[in-house]
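Each reported figure results from applying straightforward, stated rules to the coordinates on display, with no laboratory input. The shown structure was predicted, so the numbers you read here are calculated from the model rather than taken from an experiment. Backbone-built Cβ (ideal geometry, glycine too); neighbour counts: all protein chains shown.
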Amino acid sequence: MQLAAIIVSLVLIVVGVALFGRALLQIFNFMRLGQPVPAGTRTNDPTQRTVTVVKEFLGHTRMNRWGIVGVAHWFVAVGFFTLLLTIVNATGQLFEADWILPIIGDWAPYNVYVEFIGTMTILGILVLIAIRQLSHPRKPGRKSRFAGSNFGQAYFVETVILVVGVCIFMLHALEGAQHHVDGYEASFFISYPVVAWLRDMDVSTLQNLTYFFAGLKIATSFIWMITV
């Protein structure tokens, strides 16, 4: 299990990074074909521009007008962009099942953040999936905000986010089981019931489950990079 997970993951990492880099270069070269903008019109007032970007992303000012959709989308977006270190953690776990990030790996505030945002990312994408299905324009003539959208692409993105979220949660719970967490604590305030269930398994099973979820997380993340 471990060797297969390592080989597949490393191949996908190399291919994913290469193709993602090529895509960025293609976008950059395409944008250079356009007419240059007047000097200073895109670089003036960098402080205000930065503040606006941060406010729009963290505040989700436009999406939040959609109520529950906006809240669910906020958690998905924040989880997607701020849990990148979990890829590093999963890569380390491929080689050593109980590996954690140096310095912050056992830092409670970081683990609380991963635990909470990871869980809310799962719940957020499940809410968005449910709303999409309930609003699906299956019937002819039905009015739907999803009419004309590419459902194949939507299902792919939803699947990627859901799988990655579940992998983050399970890897964190497996970490607790392998480090013999025997009661509720801040770092496992949501996942402890799963930790307690996993804790009764033998070391070999815990390690193989870790290799599986780490490989699945990395594979899913870099398949997304290859696809986009």
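See the values below:
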read-out	value
Label-reachable residues, region 68-88, where backbone N falls under 17 Å from a point 7 Å from residue 135's Cα toward its Cβ	68-77
Rounded to whole Hz, the Karplus (6.51, -1.76, 1.60) HN-Hα couplings of region 161-172, x for glycine and proline	5, 5, 5, 4, x, 5, 5, 4, 4, 5, 5, 5
Choice from 35, 133, 26 with maximal GNM fluctuation in the chain (Cα, 10 Å cutoff)	35
Low-density loop positions, chymotrypsin sites (Phe, Trp or Tyr not before Pro), region 150-228 - DSSP coil, at most 15 other Cβ in 10 Å	184, 189
Proximal charge balance of residue 165 [Cβ under 13 Å; K/R count +1, D/E count -1]	-1
The chain: relative contact order in percent, alpha carbon pairs under 8 Å with at least 6 residues between	33
Between helix 85-95 and the chain: long-axis angle, C-alpha atoms, 0 to 90°, nearest 10	40
Linear extension gain, residue 22 paired with residue 201, 0.36 nm per residue minus alpha-carbon span	60.1 nm
Where a label projected 7 Å from the Cα of residue 208 along Cα→Cβ would reach, residues of region 87-103 with amide N under 16 Å	97
Cα extents of region 66-221 along the three principal axes, largest first (Å)	57, 27, 27
Charge context of residue 209, other residues only, Cβ under 15 angstrom, K/R +1, D/E -1	-3
Net charge contributed by nearby residues that have their C-beta within less than 14 Å of residue 109 (K/R +1, D/E -1)	-3
Cα shape, region 1-56, gyration tensor, a/c 1.5 rule	oblate
Sparse-neighbour loop sites [GluC sites (Glu not before Pro); region 147-228; at most 14 other C-beta within 10 Å; DSSP]	185
Size of electric dipole in the chain: Cβ of Lys, Arg +1 and of Asp, Glu -1, about Cα centre, debye, nearest 20	1740
Stretch in the chain that is longest and holds no trypsin sites (Lys or Arg not before Pro) that DSSP places in a loop and that have at most 11 other beta carbons within 10 Å	144-228
